[in-house]
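This report refers to the structure that appears directly beneath it.
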Amino acid sequence: MFSSLERIEHMNDDIFIIHVQIGGFPIALRIPRSDEEKYRKAEKMVTKLTEMYYNEYSQHAYEDILKLVAFQLAVKVSEYELKEDTAPIAERIELLEKEIDAVLNQE
């Protein structure tokens with residue numbers, strides 16, 4: 001049986017620190033090791049969007065560009081959530097279509 005301290009140390013085996021750059025600012029994050037790919041991909045997405053908006057709106061304050069990036073990412077999350085909400089409905093419609101086809105083919 002693990003003592004409390006041993007459990008905490010064991011849990012920390014899967015947690016590690018990564019260093020990312022967001023808007024030119026270095027940030028150290030403690031994350032689950034299994035999530036590293038997600039965090040690295042997110043860093044690349046933010047960097048790409050920041051560069052795109054900076055090239056288009058270089059006359060604006062960097063803070064405003066980061067706001068545009070945050071908004072663009074929120075739109076992407078919203079789109080994803082809407083797709084996820086309709087996925088079960090689409091699956092159910094597909095099942096119903098198959099049932100209707102089966103009934104019609106019996107006649």
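For segment 4-106, the relative contact order works out to 15 percent when only alpha carbon pairs closer than 8 Å and six or more residues apart are counted. For segment 86-103, the Karplus equation 6.51 cos²θ - 1.76 cosθ + 1.60, evaluated at θ = phi - 60°, returns couplings of 8, 4, x, 5, 4, 5, 5, 4, 4, 5, 5, 4, 5, 5, 5, 4, 5, 5 Hz by residue, with Gly and Pro reported as x. Its Cα gyration tensor gives the chain an equivalent ellipsoid. The semi-axes, each the square root of 5 times an eigenvalue, are 41, 30, 9 Å from largest down. A simple spin-label model places the labels of Y62 and R40 2.6 nm from each other, with each point 7 Å out along Cα-to-Cβ.
Here, each number is a calculation from the coordinates, and none is a lab measurement. All of these numbers come straight from a predicted model, not from anything done at the bench. All Cβ positions, even for glycine, are placed from backbone atoms using ideal geometry, and neighbour counts span all protein chains on display.
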